[in-house]
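A quick write-up on the structure given underneath.
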Amino acid sequence: MQKILDAIQADELDAIGTLPVPESYRGVTVHADEAEMFAGVPSRDKDPRKSLHLDEVATPELGPGEALVAVMASAINYNTVWTSIFEPVSTFGFLKRYGRLSPLTKRHDLPYHVVGSDLAGVVLRTGPGVHQWKAGDEVVAHCLNVELESPDGHNDTMMDNEQRIWGFETNFGGLAEIALVKSNQLMPKPAHLTWEEAASPGLVNSTAYRQLVSTNGANMKQGDTVLIWGASGGLGSYATQFALNGGAIPVCVVSSPEKAEICRKMGAELIIDRNAEGYRFWKDEATQDPKEWKRFGAKIRELTGGEDPDIVFEHPGRETFGASVYVTRKGGTIVTCASTSGYMHEYDNRYLWMNLKRVIGSHFANYRESYEANRLIDKGLIHPTLSKVYQLEDTGQATLDVHHNSHQGKVGVLCLAPEEGLGVRDHEKRAKHLDAINRFRGV
Ligand SMILES: NC(=O)c1ccc[n+]([C@@H]2O[C@H](COP(=O)([O-])OP(=O)(O)OC[C@H]3O[C@@H](n4cnc5c(N)ncnc54)[C@H](OP(=O)(O)O)[C@@H]3O)[C@@H](O)[C@H]2O)c1
């Protein structure tokens, strides 16, 4: 591994293909025999530092259409929180099911799961049938893993009936020194970014792009008012940038003055601190309080000059969904990709049907949308929202930060990169965007 790292650091990328691929590598794993370790423990007290391990694991055999990548940096996504607390289900069920598909996918069904759905790094080897990429290419990877053997996904690759999220529903993810991907997950690494910056947008940037911008999602247009929950978080920090970049008007919901300040730094003007306002959408576990929905709606109107949101960018789920449906304007769209606070949503359907609102379900992004989202990063039109970077051995702590919502934007992890700040090729372009790239750092 050291020889590979030396070659990358010495910029001898042509040599990468000639260096032997190590038989094993260090990866962050959960263990199948620990899937019950948190039984009876409240969700918040389930500690990823106990369930995530840094193990030496065998390098998987490379199959057709695949690539092995030397991972310089990765990032924490909420799916690693879910995997590490074994909620709502253990991810070993995903690996088992995938393993039944073919002899090739059987490789993923192991008693350990190497997690992580983002990476920036250098291609080590490509499998048979890969011609667009070669050893030595500097890449990032999106996390859409599809078989595409049936016609279902041929218009929109997210519709494939064998659609999975790499590093969550498949093995050999990005929180490791080496990762296995399908080569069509690979995209060029933006040259003006460091390894850790380039690794951080992938999953959330692509998801927010489909959810908000794409015709498969809310199809946002200029002038739309967009209510964004968790506007300084992983998804929200990209949704806020897409709204601003696309001429829409974001109304950012956050939970502290520091988070409000970050949204201002991104250029947002309309901000609601949900903690300061003290909204209690639920009177108790079973009963919502429509008066609180109204109070929330009135606050939005106060900020927008009387307008209701054309689009509500939803992901908190049960806790906020009733309010989201209520505050959306007549004919507007609630677009949801998650249910962090609970997936059994309740809302008053009268407000939906009488006001001709629509709920759209959105999940990750297809190949094309992922590529378009990465291109916006590459063009310097959308920027990474990296706040803090951990070493690979501290991935448990990094995941705990996200689990406890004590982070801002994205949390990065150095894998092979020995320190932060490496990997930049285009210094001129970087200088132009430096303030924007660093907006979230050290907050
Ligand atoms: N379907 C997909 O493809 C997809 C892709 C990415 C993520 N997700 C899911 O989306 C969710 C968010 O992911 P993320 O990366 O954005 O996570 P994140 O970085 O933790 O950000 C989420 C933000 O939501 C806000 N929030 C959390 N709980 C809330 C609540 N009960 N009420 C109101 N706001 C709340 C928090 O902001 P404030 O505290 O500042 O309000 C937090 O910063 C996760 O469940 C994740 O699994 C789904």
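The values are calculated or read from the model by the stated rules, or taken from the named source; none is laboratory data. Only a predicted model underlies this, so the values are computations on that prediction, with no experimental measurement involved. All Cβ positions, even for glycine, are placed from backbone atoms using ideal geometry, and neighbour counts span all protein chains on display.
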Test set (1) under 18 Å from Leu175 (Cβ atoms); (2) surrounded by fewer than 20 Cβ atoms within 10 Å (Cβ to Cβ) - Glu23 fails condition number: (1)
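Which residues, taken from the range 261-290, are in a helix (DSSP H, G or I), closer than 19 Å to His315 by Cβ and more than 21 Å from the chain's Cα centre (by Cα)?
Filtering the range 261-290 down to residues in a helix (DSSP H, G or I) leaves 261-266, 274-277, 290.
Next, from what is left, pick out any that are closer than 19 Å to His315 by Cβ: 262-263, 266, 274-275.
Within the range 261-290, Arg274, Asn275 qualify.
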Residue among Ala58, Ala39, Ala135, Ala70 that alone is without any contact (Cβ under 8 Å) to a residue 60 or more places away in the chain, closer than 19 Å to Cys415 by Cα, hydrophobic (A, V, I, L, M, F, W, C) and away from the ligand (no atom under 16 Å from the Cβ): Ala58
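Within the range 150-173, take every residue that is under 18 Å from Pro111 (Cα atoms) and touching a strand residue (DSSP E or B) at 6+ places or on another chain (Cβ under 8 Å) and give me the one that is surrounded by the fewest Cβ atoms within 10 Å (Cβ to Cβ).
Let us first name the residues in the range 150-173 that are under 18 Å from Pro111 (Cα atoms), namely 166-173.
Within this subset, residues satisfying the condition of being touching a strand residue (DSSP E or B) at 6+ places or on another chain (Cβ under 8 Å) are 166-167, 169-173.
On the way: Trp166: 25, Gly167: 33, Glu169: 22, Thr170: 25, Asn171: 28, Phe172: 26, Gly173: 32.
So the residue we want is Glu169.
Can you name the helices (runs of 4 or more DSSP H) wholly within the range 1-119 that have at least 3 residues being modelled with pLDDT of 95 or more and closer than 25 Å to Val389 by Cβ? Outline the logic, then answer.
Values: elements: 2-9, 48-51, 78-85, 92-99.
Fully inside the range 1-119 and qualifying: 2-9, 48-51, 78-85.
Matching residues to (1) crowded, with 16+ Cβ neighbours inside 10 Å; (2) of a type outside the set (D, E, K, R); (3) in the same structural domain as Val226 (by the TED database):
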| position | (1), (2), (3) |
| --- | --- |
| Arg318 | yes, no, yes |
| Ala323 | yes, yes, yes |
| Gly331 | no, yes, yes |
| Thr336 | yes, yes, yes |
| Thr340 | yes, yes, yes |
| Tyr343 | no, yes, yes |
| Tyr351 | yes, yes, yes |
| Asn374 | yes, yes, no |
Qualifying positions in the range 81-117 - closer than 16 Å to Asn145 by Cβ and among the polar types (S, T, N, Q): Thr83, Thr91, Ser102, Thr105, Ser117
Residues located in the range 346-385, provided they are free of Cβ contacts under 8 Å to residues at least 24 places away in the same chain and of a type in the set (A, V, I, L, M, F, W, C): Trp353, Met354
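Does the range 187-215 hold any residues that are within 16 Å of the ligand (Cβ to nearest atom), of a type outside the set (Ser, Thr, Tyr) and more than 17 Å from His315 (Cα to Cα), and which are they? So that I can check it myself, show each step before the final result.
Start the filter on the range 187-215 by keeping residues that are within 16 Å of the ligand (Cβ to nearest atom), which leaves 199-214.
This time we only want the ones that are of a type outside the set (Ser, Thr, Tyr), so: 199, 201-205, 208, 210-213.
Within the range 187-215, Ala199, Pro201, Gly202 meet the criteria.
What number of residues in the range 196-218 are in a loop (DSSP other than H, G, I, E, B) and touching a residue at least 24 places away in the same chain (Cβ under 8 Å)?
Here is the first cut: in the range 196-218, the ones in a loop (DSSP other than H, G, I, E, B) are 200-201, 214-218.
Next cut, touching a residue at least 24 places away in the same chain (Cβ under 8 Å) only: 200-201, 214, 216-218.
Qualifying residue count, the range 196-218: 6.
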Verdict on Lys265 being within 9 Å of the ligand (Cβ to nearest atom), in contact (Cβ under 8 Å) with a residue 60 or more places away in the chain and either touching a His at 6+ places or on another chain (Cβ under 6 Å) or not assigned by the TED database to the domain that holds Trp133 (or both): no
Filtered residues of the range 1-33 (kept if in contact with a helix residue (DSSP H, G or I) (Cβ under 6 Å, 6 or more places away or on another chain) and of a type outside the set (Gly, Ala, Ser)): Ile16, Leu19, Val28, Val30
Selected residue [within 14 Å of the ligand (Cβ to nearest atom) and over 18 Å from Ser206 (Cα atoms)] from Tyr326, Tyr347, Tyr343, Tyr351: Tyr343
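Tell me yes or no: at least one residue of the range 412-423 is surrounded by fewer than 17 Cβ atoms within 10 Å (Cβ to Cβ), in a helix (DSSP H, G or I) and either within 16 Å of the ligand (Cβ to nearest atom) or free of Cβ contacts under 8 Å to residues at least 60 places away in the same chain (or both). It would help to see each step written out before you state the result.
Here is the first cut: in the range 412-423, the ones surrounded by fewer than 17 Cβ atoms within 10 Å (Cβ to Cβ) are 418-422.
Within this subset, residues satisfying the condition of being in a helix (DSSP H, G or I) are none.
Looking through the range 412-423, none of the residues is surrounded by fewer than 17 Cβ atoms within 10 Å (Cβ to Cβ), in a helix (DSSP H, G or I) and either within 16 Å of the ligand (Cβ to nearest atom) or free of Cβ contacts under 8 Å to residues at least 60 places away in the same chain (or both).
Given Val89, Val69, Val81, which one is surrounded by fewer than 20 Cβ atoms within 10 Å (Cβ to Cβ), in the same structural domain as Val122 (by the TED database) and of a type in the set (A, V, I, L, M)? Lay out the reasoning, then the answer.
On the way: Val69 fails: surrounded by fewer than 20 Cβ atoms within 10 Å (Cβ to Cβ); Val81 fails: surrounded by fewer than 20 Cβ atoms within 10 Å (Cβ to Cβ).
Residue meeting the stated conditions: Val89.
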